[in-house]
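This report refers to the structure that appears directly beneath it.
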Amino acid sequence: MEIKAKFKKLYWNTSLLFCRFLGRKYQAKCGHKTKLIAEVKIFGEKTIFWLNKKNIKYCQQCLVDMSIKCSWCGKSITVRDPVTLCTPMKKDFQMPEWAVIYKKVPLQLVGCLRWECAESGVDRAGFWIAPGKVHRVLSPLEMLIAYSSENPIICNNLENIKNAISYPSENQ
């Protein structure tokens, strides 16, 4: 298993190096020129952004600028990441300055779906999308309540926006 991880890291580093020096630049619809693969820093954390060659709407720097911090742990949430919409339960809760408010009444803050923030995948209530807003989808728990039947509801991939059911009243 360790050899497979080392090979994967070598592959990523080689691809990134090749693209950085020999890769072609493309015109993004945001107006900037960009490469398909770029390593960027989001709130001090390095990550690699891959862009779809067929439809480049935003360059990597625009995507970095659309990123936010999780209201609970402070780690980055980037475009296309699944998010939670949680209400603080503690009466003495101090809202961090970077917190993104989804709703004021009842207060709902945008958070990430990482292990330390979400109790489970049932908490996924939307996706962070360009140009920097929440695309609300039914959470797995809401799907179970709304579409209850004898058949179980299976959510294989909570990170795929194409497999989610949009929340009709809030995404217009």
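Since every read-out is calculated from the coordinates, none of them should be taken as a lab result. All values derive from a computational prediction rather than experimental measurement. A quick note on method: Cβ atoms are made from the backbone with ideal geometry, for glycine too, and the neighbour counts reach across all protein chains shown.
Taking other residues whose beta carbon is less than 14 angstrom from the beta carbon of Arg80, and scoring Lys, Arg as +1 and Asp, Glu as -1, yields +2. Counting only aspartates and glutamates at least 8 places from Lys6 when in the same chain, there are none with an alpha carbon closer than 17 Å to its own.
Shown in residue order for the range 25-39 are the 3J(HN,Hα) couplings computed by the Karplus curve 6.51 cos²θ - 1.76 cosθ + 1.60 at θ = phi - 60°: 8, 10, 8, 7, 5, 6, x, 9, 8, 8, 9, 6, 10, 8, 8 Hz (x for Gly and Pro). Each residue in Met66, Met95 was given a count of other beta-carbon atoms within 10 angstrom of its own, and listing them fewest first yields Met95, Met66. Between the helical axis of 2-22 and the longest alpha-carbon principal axis of the chain there is an angle of about 60 degrees. The slack in the chain from Cys73 to Leu144, taken as 0.36 nm per residue of separation less the alpha-carbon distance, amounts to 22.7 nm. Couplings 3J(HN,Hα) for the range 124-130, derived from phi with the Karplus relation 6.51 cos²θ - 1.76 cosθ + 1.60 (θ = phi - 60°), are 4, 10, x, 9, 7, 10, 5 Hz, where x marks Gly and Pro.
For Tyr26, the residues whose modelled amide H falls within less than 5 Å of its own, excluding neighbours fewer than 5 places apart on the same chain, are Thr34, Lys35. For the chain, pairs of C-alpha atoms spaced more than 26 angstrom apart make up 41 percent of the total. The distance between label points at Cys30 and Ser15 comes to 2.0 nm (points 7 Å beyond Cα on the Cα→Cβ vector).
Could you give me D for the range 1-65, from Stokes-Einstein at 25 °C and 0.890 mPa s, where the hydrodynamic radius is the Kirkwood radius over C-alpha pairs? Units µm² s⁻¹, please. Each step should come with its number before you reach the end.
Values: Rh = 12.8 Å.
It diffuses with D of about 192 µm²/s by this estimate.
Mind jotting down a quarter of the surface of the convex hull over the alpha carbons of the range 61-123, in square nanometres, one decimal?
Details: hull surface 18.7 nm².
So the mean shadow area of the Cα hull is 4.7 nm².
Full extension of the chain between Leu107 and Tyr167 yields a length gain of 19.8 nm, computed as 0.36 nm times the residue separation minus the alpha carbon distance.
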